[in-house]
Amino acid sequence: MDYLITLAILIGLSVALASSFNLIIGYAGLVSIAHPVFYAIGAYVSALLARDLGLPVPLAMLCGALAAAAASAAVALPSLRVSGDYLLIASIGFQLGVLEAIKNISVTGGAGGLTNIPAFLVQDGGRGAYAALVIAFAGLTVWLNWRIAHGPYGRALSAMRDDETAFAGLGRNAVAMKVAVFAFGSGIAGLAGALYAHYFRFVTPEQFEILQSAALLTMVVVGGVRTTWGPVLGAVLLQALPQAITFVDLPPAILGPLQGLLFTGLVLVFMVLRPQGLIAAGEAWHPAKKYSAKTYSAKTRGEAR
Amino acid sequence: MSARAAAPLSRRALVAGTLAMSLSLAGAARAEEPLRFGMAMPLSGGQATYGQDQVKAAEWAVAEINAKGGVAGRKLEMIVLDTRADPQSGIQAANRLVSVDKVPAFVSAWSAVVKAIAPVANDTRTVQLSVGANSAEIARLGDYTYTTFPLAAVDITAVANYAAKEMGKKRAAVLYINNETGTVAAQIYRDVFSKAGGQVVAYEAYDPRASDWTGPLLKVRAAQPDIVHIQGLVADTPQVIAQMRQLGLTMPVSSYSAVYNPKLIEQLGKASEGVIATSLAPGAADDPAVAAYLARWKKEIGREPNGLPYTQYLYDAPYLVAAVYSGLIDKKLPLTGENFRKEMLAIRTFDLPLTGKLTINDDHTVNKTVYLMEVKNGAWVKKAVVE
C-alpha cells in the first residue's frame, strides 16, 4: 500500500510540474527548460526554513513557493525585455548556477544532499492524507491552468504568443503578462518541490539537473503541449510506465536497458507517428464553453483547417 | 537470470520435498514460501556497467546457496529492482520492495541512493544493507541502515598514513571531484596526512562534468608536491592522470578503491605505472576462492568484472542475509525487519566467502583489511597490507 501511495504522490507532483510547465512553454510560448530549478528552490527553501529555523512546515512550504516565484521573476524580467531566446539561455544559466551554488554551500548539505528534513502530516494523518493533499494540489493546478488558458486571460496569452507586436499594438503589456505567467508556473513548481521535500525528507542537487528538464519536457510533449489533459496524461504515463515494467518478471540484464530506452524511445516514436502528442491541441485558441457561443469556436476551427 | 524466473520449477521441487518430508513424518511446515530479500541497484543509466556486474555476482551467490539446499531447507529468493543510481528511483524501488514484496531486508548501494532510502527503511523498520557506498554519513542514517562495506575513512586513512609514514612523503597535493564522494574523502586525506606529519600543499576540486583538468593540475604543479592524491570516480580519474603526465607531473599518484580496476591500465597504458590504489577485498593471489571466482567471470562472461572488489562484496551479501535468516529460523522468530536487525547484530561477526571476516560495529561501521595496490609492469601488484 505504501508503495502505491508513494507512487501516487510522485505522479501527483509530476502532474503539477508538467501542467505548470505547459502553461509556460505551451500556452505562453516562453522557451525555458529550467523548470526543475524552481522545483529545487521550493524544496530547498522550505526544507531549510523548517529544519534550521523551526518554521512550521506549511508556512515554510509557502515561503518555498514564493521564493521560487520571486526567483523566476528575477530571471524573466531582464531576459524577456530583450527577446524570447534570451530567456532560454538565461534560464539554463540560472539552473546551472543555482545547482552549482547548492553543491558548494555547506548549509544546503553540498553535493551530498540535504538530510533530516522535518516530516509533515505523515505522523499525524498518515501517508494517505499526504497523498490526498498532493493530489488535491495537482488537481487544483490543472484546474487553475485550465481556467487561465481558456478564460479571457488565456485568449490574451494566445494572442501574445502568436503575434507579440500586434498584441503590444493593442496596448497590452506583453512583458508584464509573460513575467506573471512565468512566476505563477514557477511558484507552482516551488510548492511541488516543498511537498516533495517534506515527504521524502532527502533532496540532492543531482535530481534537479538537465535530465529532469528533459523528463518534464517529455511528459508535456508526449502528452500533448497546449492542452489541459496532455501533460497530465504524459506525467501519469511516464511515472507509472517504468514502475509497471518492474512487475513483468524480466531478468535484470534486460530490465535495465529497457528502462533506459523507454524515455528516448517514446520521444522518437512520438516524433514520427504523433508529433502533436497523445492529445492534440486545436489550431486556434478556443474558450471554455462558459465564455463563448458554440458557433464561434466551431467556425474558427473550421476555418483553421 | 532472475531468481523469480526459476520459481515454477522450484515450487514443484518444494512440493515434492514436502511430500517426502511429511511421509518421513518430518515437519511439513518447513517447505513454505521462499525466503525473500531485495536488491536495489543501478541496472540502467551511467552506473549500470557496475550495477549489472554486481547484481550478477549476487545472483551467482543466491544460486549457489540454493544449490547447496537453501537456508534451513527453504529457497533464498532475490528480487532485483533498478535504481538508476538516482535517489528518487531508489526510493520507489525501496518502497516497492518493502510494501509489495514485503522483504525484511534489502541491499542497496550508491551513497545518494542509500541516503534517500534511509527514511523509508527507518519508517518501515526494514533493514537496508548498503553494500558498496562509502559516504561517511551512511553510519549516521538511523537504526535500520547498516553497511557491510567499509566507509571512506577506512581506506583513505590507510593510504594517507602509508604515504606519510611508509613512503616518507612530506608534501601532498589533493585533487578531488566536487561531489559527495570527493569532498568527504578529500577532507579525510588532508586531516590524516597532516596529522601524520605531512603538509597538504594543494587542495583542488574539479567539476564532476569536467573533461579538462589543466587548471587545477597547473595549480598542483606550482605547489610542487612529492605525491598527488586523486579522489575522483572510475570514469574521470584515468583521464586526470593522463593529463597530469602530459603536463610533466611525474610524482607518484595515489587514489582509492574505485580506481583499482583493470580499465585504468587499459586506458592509460604506460602512464599508469606506479599508480597506487586501495582494494578493500582480498585479490586472486590472496585467496583461492577469489581466484576461482575471477576464473568463472573469464570463463562465463569472457572478461573481468567491472570493479572486482565491489562485486566480491555483492557476492557475499546473500551469504550474510542467509546467515541471518538461518538464525531467525533456528530461533523460530518471525521474519520481520526488526528481528532481522536484532539477529544480525546478535551474530555480529560473519565469515564470508570472498571478502573474509566481517564485524558489524555498534556505530554502524565495519573494519576491513586495506590492500594497497600498485601498477607494476602493466598489472596490479599488491604493495602493502594495512590491517
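Quick notes on this structure:
- Take B:Trp380: with every protein chain present and a 1.4 Å probe, its accessible area is about 50 Å².
- Equivalent-ellipsoid semi-axes for segment A:1-81 (Cα gyration tensor, √(5λ), whole Å, largest first): 25, 20, 8.
- Summary value for segment B:179-304: 17 percent relative contact order, contacts being C-alpha pairs under 8 angstrom separated by 6+ residues.
- Full-stretch length increase - B:Lys331, B:Ser211 - with 0.36 nm per residue and alpha-carbon distance subtracted: 37.6 nm
- Span from the segment A:1-69 Cα centroid across to the segment B:240-303 one, whole angstrom: 44 Å
- Test item: Cα-centred dipole of segment B:265-387, Lys/Arg +1 and Asp/Glu -1 on Cβ, debye: 200 debye
- Mean Cα-pair separation over length for chain B, i.e. relative contact order, pairs under 8 Å, 6 or more apart, %: 16 percent
- Heavy-atom accessible area for B:Lys102, with the other protein chains in place and a 1.4 Å probe, reaches approximately 140 Å².
- Model label zone, B:Glu64; criterion: amide N under 20 Å from point 7 Å along Cα-to-beta-carbon; scope segment B:125-151: B:131-132, B:148-150
- Residues B:Tyr176, B:Tyr256, B:Tyr203 ordered from highest to lowest accessible area at a 1.4 Å probe: B:Tyr203, B:Tyr176, B:Tyr256.
- Amide H to amide H, with H built 1.01 Å from N, B:Leu352 comes under 5 Å of B:Lys357, B:Leu358, counting only residues 5 or more places away or on other chains.
- Charging the Cβ of each Asp and Glu at -1 and of each Lys and Arg at +1, and nothing else, the dipole of chain B about its Cα centre rounds to 360 debye.
- Residue of A:Pro152, A:Pro252, A:Pro78 that the Gaussian network model of chain A assigns the largest fluctuation, springs spanning Cα pairs under 10 Å: A:Pro252
- The mean number of Cβ atoms from other chains found within 10 Å of a Cβ in peptide A:243-251 is 4, as a whole number.
- At an R0 of 25 angstrom, the distance between the Cβ atoms of A:Ala129 and A:Leu4 translates into a FRET efficiency of 0.95.
- Centroid-to-centroid separation of segment A:188-267 and segment A:108-157 [C-alpha atoms, Å]: 16 Å
- Neighbour net charge for B:Gln224 - beta-carbon separation under 12 angstrom, K R +1, D E -1: +3
- As a calculated quantity, the FRET efficiency between B:Arg303 and A:Asp85 at R0 = 51 Å, using C-beta atoms, amounts to about 0.60.
- Fraction of beta bridges assigned by DSSP in the protein assembly as shown that are antiparallel (%, nearest 5): 35 percent
- With a 1.4 angstrom probe, the accessible area lost at the A-B interface totals about 2900 Å².
- Point-charge dipole on Cβ atoms (K/R +1, D/E -1) for the protein assembly as shown, about Cα centre, debye to 20: 980 debye
- Positive-pole candidate from A:Ala34, A:Leu80, A:Ser20, dipole of segment A:1-154, charges at beta carbon: A:Leu80
- The accessible area of A:Ser91, taken with all protein chains in place and a 1.4 Å probe, comes to roughly 0 Å².
- Going from the chain on its own to the full set of protein chains, segment B:112-131 has these residues losing 30 Å² or more of accessible surface (heavy atoms, 1.4 Å probe, no ligands, DNA or RNA): B:Ala112, B:Lys115, B:Pro119, B:Asp123.
- Contact order for chain A, expressed relative to its length and based on alpha carbon pairs under 8 Å spaced 6+ residues apart, stands at 31 percent.
- Ordering B:Val107, B:Val370, B:Tyr293 by the projection of their Cα atoms onto the charge dipole of the protein assembly as shown, which places +1 on the Cβ of Lys and Arg and -1 on the Cβ of Asp and Glu, puts B:Val107 at the extreme positive end.
- Projecting the Cα atoms of B:Gly302, B:Ala281, B:Leu320 onto the charge dipole of segment B:229-365, computed from C-beta unit charges around the Cα centre, puts B:Gly302 farthest toward the positive end.
- Shielding by partners - mean other protein chain Cβ count within 10 Å, residues of B:226-235: 0
- Only helices enter the 222 nm calculation for the protein assembly as shown: every DSSP H run of n ≥ 4 contributes -39,500 (n - 2.57), and dividing by all residues gives -18500 deg cm²/dmol, rounded to 500.
- Candidates A:Ala65, A:Ala244, A:Ala50, ranked by Gaussian network fluctuation over chain A, Cα under 10 Å, top entry: A:Ala244
- Gap separating the Cα centres of segment B:37-53 and segment B:198-236, nearest whole Å: 29 Å
- Heavy-atom accessible area order for A:Leu233, B:Leu345, A:Leu66, largest first, 1.4 Å probe: A:Leu66, A:Leu233, B:Leu345
- Counted as membrane-span-like here are DSSP H helices of chain A whose alpha-carbon atoms extend 20 Å or more along the helix's own axis and whose Kyte-Doolittle mean is -1.0 or above; these are A:2-21, A:35-52, A:57-82, A:84-104, A:122-150, A:174-200, A:230-247, A:252-273.
- Of the complete DSSP H runs in chain B, those spanning 30 angstrom or more by Cα along the long axis with a mean Kyte-Doolittle score not below -1.0 are B:308-330.
- Accessible surface ranking that places the most exposed of A:Glu164, B:Glu166 first, with a 1.4 angstrom probe: B:Glu166, A:Glu164
- Accessible-area composition of the protein assembly as shown, carbon plus sulfur, in percent [1.4 Å probe]: 60 percent
- The amide H of B:Lys383, built 1.01 Å from its N in the peptide plane, has B:Leu372, B:Met373, B:Glu374 as neighbours under 5 Å, considering only residues 5 or more places off or on other chains.
- Inter-chain neighbour count for B:88-94: the average number of beta-carbon atoms from partner chains within 10 Å of each residue's beta-carbon is 5.
- Comparing A:Ile135, A:Ile254, A:Ile148 in a Gaussian network model of chain A where C-alpha atoms under 10 Å apart are linked, the largest mean-square fluctuation is found at A:Ile254.
The values are calculated or read from the model by the stated rules, or taken from the named source; none is laboratory data. Here the structure is a predicted model, which is why all the values come from computation and not from measurement. We place every Cβ from the backbone using ideal geometry, glycine too, and count neighbours over all the protein chains shown. Note: accessible area is taken over every heavy atom of the protein model, side chains too, but ligands, DNA and RNA are not part of it. Shrake-Rupley method; radii C 1.70, N 1.55, O 1.52, S 1.80 Å.
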